[in-house]
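Below is one structure; the comments refer to it alone.
The values are calculated or read from the model by the stated rules, or taken from the named source; none is laboratory data. Just so it is clear, the structure is predicted and the values come from calculations on it, not from any experiment. For neighbour counting, all protein chains shown are included, and Cβ atoms are generated from backbone atoms with ideal geometry for every residue, glycine included.
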Amino acid sequence: MGAAEKLDRFEQVSFCPQCFADDYEGSWGAGVLPGGHCINCGAGGAIPMPRWAVEQIRQSASWVGRRYYPGDEDREIEAERRALLATVTTFPGRVAEPARTLEGREWVLEPGHWTVKQYLTDGRSISTTVKADSADEAIEKTRYALRYVPEVSL
């Protein structure tokens, strides 16, 4: 570790104990303002803390904190998940339909957008909307975004 990296780790930053945001980042993309107000979660009362301590809190946090600030193990698990999903050729229970938007009292098609739905094992489903030129492209764009359910589970 070089001298510049050591200085960065000991730099004092404002830390929000509510959502773990600091001067540079927050789980929703915004951080702490000068004066201690957190734009990320809206809380006040951020505390000054060395950067290394913020990193340690995020690494040691329960699953709630780690959900937003993943640690090394979380990154390894996600890389493994993505590598496994890269080998999948079909997505059972996943369908793409043209997306619709409510305008006034009518549903109208949203050109170039698709709603991709993944049916789950208990009859429920999850979905997301993506911009794509075809249903097949929409399903491919959701390869990592939606849960994978094997055909034997459906």
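Within the stretch 14-35, the only residue that satisfies the criterion of being more than 24 Å from residue 75 (Cα to Cα), at pLDDT 90 or above and either out of contact with any strand residue (DSSP E or B) (no Cβ under 6 Å at 6 or more places or on another chain) or surrounded by fewer than 15 Cβ atoms within 10 Å (Cβ to Cβ) (or both) is 33. Say whether the condition of being exposed (fewer than 11 other Cβ atoms within 10 Å of the Cβ) and within 29 Å of residue 19 (Cβ to Cβ) is met by at least one residue in the stretch 78-92. So far as the stretch 78-92 goes, yes, one or more of its residues are exposed (fewer than 11 other Cβ atoms within 10 Å of the Cβ) and within 29 Å of residue 19 (Cβ to Cβ). Restricting attention to the stretch 123-140 and to residues that are free of Cβ contacts under 8 Å to residues at least 24 places away in the same chain and charged (D, E, K, R), the residue that is nearest to residue 82 (Cα to Cα) turns out to be 140.
Those strands (runs of 3 or more DSSP E) of the stretch 38-152 in which 2 or more residues are assigned by TED's automatic domain parsing to the domain that holds residue 15 and within 30 Å of residue 10 (Cα to Cα) occupy 47-50.
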